[in-house]
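Undergrad: Below you'll find the structure I mean.
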Amino acid sequence: MASYIPVTLQQQVREDAGRRCGYCLGSEMVTGIPLEIEHLIPESAGGPTARENLWLACHRCKMNNDYVVEARRFWVFAGWHPPLE
Ligand SMILES: [Zn+2]
């Protein structure tokens, strides 16, 4: 079970990501589907519930563990952020 993420921390992550999916850049406003916060390093692997380990993802990307999403997950973790316009 995922641990609780404080609302203020969730808001920070959403602001950082520009309210878009960090992988496909789908906007919450466009899709109408709320984006979910995920751990870059899974909690099961010891990833902390901290701003630098949290990222915004749409449901599709969150459930999709193909190589594209995995690569972007690595880039984000390495300090690369997708361009926001
Ligand atoms: Zn997505």
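Undergrad: Across segment 42-74, which residue is farthest from Tyr4 (Cα to Cα) among those that are of a type in the set (A, V, I, L, M) and surrounded by 14 or more Cβ atoms within 10 Å (Cβ to Cβ)?
TA: The residue in question is Val69.
Undergrad: I'd like to check something: does segment 17-32 contain any residue that is closer than 15 Å to Phe77 by Cβ, free of Cβ contacts under 8 Å to residues at least 40 places away in the same chain and among the charged types (D, E, K, R)?
TA: Checking segment 17-32: not a single residue is closer than 15 Å to Phe77 by Cβ, free of Cβ contacts under 8 Å to residues at least 40 places away in the same chain and among the charged types (D, E, K, R).
Undergrad: Conditions first: (1) within 14 Å of the ligand (Cβ to nearest atom); (2) of a type in the set (Gly, Ala, Ser); (3) modelled with pLDDT of 90 or more. Gly18 passes all but one, so which condition is the exception?
TA: Result: Gly18 passes all but (3).
Undergrad: What number of residues within segment 27-73 are hydrophobic (A, V, I, L, M, F, W, C) and modelled with pLDDT under 75? Full working, then the answer.
TA: Within segment 27-73, the subset hydrophobic (A, V, I, L, M, F, W, C) is 29-30, 33, 35, 37, 40-41, 45, 50, 54-58, 61, 63, 68-69, 71.
Applying the additional criterion that residues be modelled with pLDDT under 75 yields 68-69, 71.
Matching residues across segment 27-73 total 3.
Undergrad: While we're on this one: Taking the criterion of being loosely packed, with under 13 Cβ neighbours inside 10 Å and either outside any loop (DSSP other than H, G, I, E, B) or not β-branched (Val, Ile, Thr) (or both), would at least one residue in segment 22-31 satisfy it?
TA: Scanning segment 22-31 turns up at least one residue that is loosely packed, with under 13 Cβ neighbours inside 10 Å and either outside any loop (DSSP other than H, G, I, E, B) or not β-branched (Val, Ile, Thr) (or both).
The values are calculated or read from the model by the stated rules, or taken from the named source; none is laboratory data. Given the structure is predicted, the values throughout are model-derived calculations rather than measurements. All Cβ positions, even for glycine, are placed from backbone atoms using ideal geometry, and neighbour counts span all protein chains on display.
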